[in-house]
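Asks: Got a structure here, written out as structure tokens. Questions coming.
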Amino acid sequence: MPGPPPGRLPEGQTVDPREAIDDAVTALDDLEHLPPGEHVERFETVHTALSVALSSIDKV
């Protein structure tokens, strides 16, 4: 994935966006056990994690 080299985060950023993406995608694993109304929140979390990761890429 494009972005900062492993172990280096952009200035002012304290969380590696790749970790946030992994956590959000992992939360999709149990969707079949949740009511459909709760799916939206999980997908919004993934969308937010992806948006933050994309916005952290320099010069794109």
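Taken together, the values in this text are just the output of simple stated rules run on the coordinates, not laboratory data. Owing to the predicted nature of the structure, the values given are computational and were not obtained by experimental measurement. Glycine also receives a Cβ, built like all others from the backbone with ideal geometry; neighbour counts cover every protein chain displayed.
Asks: Count charges around Pro35 for me, please; just the other residues with Cβ under 15 Å from its Cβ, Lys/Arg as +1, Asp/Glu as -1.
Replies: Details: positive: Arg42; negative: Asp30, Glu32, Glu38, Glu41.
Every neighbour counted, the sum reads -3.
Asks: Quickly work out the Asp29-to-His47 label distance, labels modelled 7 Å from Cα along the C-beta direction, and quote it in nm with one decimal.
Replies: Result: 2.4 nm between the two label points.
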